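The values are calculated or read from the model by the stated rules, or taken from the named source; none is laboratory data. Keep in mind that this is a model prediction, so the values were computed, not measured. Every residue, glycine as well, gets a Cβ built from its backbone with ideal geometry; the counts of neighbours run over all protein chains shown. Calculation scope for accessible area: heavy atoms of the full protein, side chains included, ligands and nucleic acids excluded. Shrake-Rupley method; radii C 1.70, N 1.55, O 1.52, S 1.80 Å.
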Amino acid sequence: MTRGARAEFSDRLGALLDASGLQQQQAAARTMRRRPRGASWAVTGRQISAWKNGSHLPAVDDAFLMLVRVLTEQARGRAASGHAGGELLDEAGWTRLLRRARTAPPGSAAPAWADAYLRSLREELAPLRRAFVPLQATVPRPARSEREAELLPTEREVLESFRSSRSDLAPDLEPAPFDALQRLSGLRQGNAALVGGPGAGKSTLLERVALAQADRWAEDSTLPLPVVLPLRHLGGSVPDLAAAVFLRHRCTVPEAEVRELFAARRLLVLLDGMNELPSAAARKALAAFLDTYRPQVVGTGRDPLDCAPIKGAQVLRVLPMSRRSAEQFTRSRLGGRSASFWAAASERTAGMSGIPLLLMMLCTIYRERDELPANLGLALRWFDQVYERRLKAEVYVDDSVRLWWSQALAVLAHEMTANGGSLDASLTVAADSALRAVTGHLAERSLHAADLAARCLEALRRCHLLTEVSGRLQFPHQVLQDYYAAEHLLRILPALDDDTLCASYLNQLKWTESLILAMGLTGDPATQARLVRLAFARIDPVVGARLGAAGGDAAQRLAVELVAALPAERRRATVPFSDGSWLDWPMGPYRRQLELMTLTRSDHAVPHLLASLLTECPKEPRIAR
């Protein structure tokens, strides 16, 4: 496929630039110095780059012809010294060529740098070809009404059982699970939102979609180019972020050309981490981008609300790995020890095994320690210890640095989550701010705190425990930031009075995951009881029940007792059917306790749940028309 006059124009302009010996910025500066008084046009290095690669044509003849005059004069001087010249120096010919290029159709050819970009992308993602575990997803069935959406899972089961007994109503089944990669790879138009919990494999799945699109592009270059945009790094505009991604793959693409590609829908936009946007300004910039360009988008988030800016997106919920897939995963990593891994797995460990990131950690732990942790917090702590031992054997790090780097990570995680008192945690931190935070922590522990802090951060970057992008540091995964923040929280918890603990931590949504991890990390029943009691008394029983679930047996028993002591509330629900009738459902006084008891995930809640079900489940629901 050829671009005709447009291709000829861009190729000859590139040749003229080479013949002149000037860089684009130099050529732009010389052109602007010769701009006539009163003229309003401008020539920039970015414009020259866009004209050279064929993504744009000059809009103002006078501006372009002045650039040609500057380049031809410089090229003539070089031609006299033996450099190429000839037809490139014909100014009248340039005028004719520009006119032909403007009247030629732009065509649908890919940018000149596309092959190099996709080659680099395929090299980067090549490990996914052998290590990727297929994930299942489903399309959540929407509730028929707001009242049905409020039903608890147990109540919904009763309702579905009653609905299935009505022969005059069509069955209403949840959509069958499907292969998430196949569904997303077959998406030719329309948008999708991929939702799931932390570590569920959303980012890896998005990268696998990019790899599949890159492979298809090799056979059909009219397809959109895939670009994965890590939204935690969105500090300016989305086109700026895309240009930075291209630059990481050694392709310098001007922002003007990126905007042109977005406008022409030549990019498949893969938005990674819509729940990780760093600020309100970033959320506003993303919304403006989506409204302006309306590109084809696949986004990821923890909840459908995270992906709400993507208009008309089909929501796909990533399901935990099946036991069969998880066993396949462990066999590939543990070989013959896979069977003993599952024999050693407790009920809670087996619950973590459906999450790819956590199962990878559990395999690493079992290979090294021949045992499995009891909860997520301990899994992260043990993985950290195993990883550090491996690094000690493989990478030289000074003992004075190794002594403090875990605390440096914990201080950074706490600093990033606190984020200066903002309601949202930050997932990145400026390198100089990180240095100040670690130096401050080490000031009372070392005579050379600044030097030790700098060496700690350098070692952490070298060992990939921190990564740096555009001068900002980040953890490899948000789960790791939550874990290290929990470790620091446990260190400072004894010094926090109840008012500070409630106001700055328990009442802040951004701290919930770290507090839950801290419950599993601490072996102190008094600390666990303090957190659970404060959450129930001064914050929210839901937070208290979740904290109790993450603690030991005593914490779970306490949470169940506090739930049972809550005041009862009596409610009724009216659920409509498709034939115009509705179900009048007396929901009784224990509905709130039922909801909170299930959150405790404790055996101590079973007697309360059984009593509630016997009281609550309607034997003869009233049908109204």
Discussion item. Per residue of the stretch 120-129, what does 6.51 cos²θ - 1.76 cosθ + 1.60 with θ = phi - 60° give for ³J(HN,Hα)? Whole Hz please, x for Gly and Pro, Karplus curve as stated.
Written reply: 5, 4, 5, 5, 5, 9, 3, x, 5, 5
Practice prompt. Please work out the C-alpha center-to-center distance from the stretch 235-288 to the stretch 477-521 and express it in whole Å.
Written response: 33 Å
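Can you pull out the GluC sites (Glu not before Pro) in the stretch 364-412 that DSSP calls coil and that have at most 15 other Cβ atoms within 10 Å?
Numbers: sites: 368, 371, 388, 394; in loops: 371.
Answer by residue number: 371.
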Worksheet item: Roughly how much of residue 311 is accessible, in Å² to the nearest 10, using a 1.4 Å probe?
Response: 130 Å²
Worksheet, complete the sentence: Calc'd 3J(HN,Hα), the stretch 354-361, phi into Karplus 6.51 cos²θ - 1.76 cosθ + 1.60 (θ = phi - 60°), Hz, glycine/Pro = x, comes to x, 9, x, 4, 6, 5, 4, 5
Practice prompt. Quick one: which residues, 5+ away or cross-chain, put their amide H under 5 Å from the amide H of residue 194? H built at 1.01 Å from N.
Written response: 299, 300, 301, 316
Worksheet item: How about the stretch 25-69: which chymotrypsin sites (Phe, Trp or Tyr not before Pro) there are in a DSSP loop, with at most 16 other Cβ atoms within 10 Å of their Cβ?
Response: 41
Worksheet item: Short version: ³J(HN,Hα) in whole Hz for each residue of the stretch 493-507, in order, from phi by Karplus 6.51 cos²θ - 1.76 cosθ + 1.60 (θ = phi - 60°), x for Gly and Pro, what are they?
Response: 4, x, 8, 8, 6, 4, 4, 5, 4, 6, 5, 9, 10, 4, 8
Worksheet item: Can you list residues whose amide H is under 5 Å from residue 268's amide H, if they're 5+ apart or on another chain and H is modeled 1.01 Å from N?
Response: 225, 227
Worksheet entry | Net charge of Cβ neighbours under 9 Å - reference residue 604; Lys, Arg +1; Asp, Glu -1 | -2
Discussion item. If amide hydrogens are placed 1.01 Å from N in the peptide plane, which non-local residues have theirs closer than 5 Å to the one on residue 355?
Written reply: 321
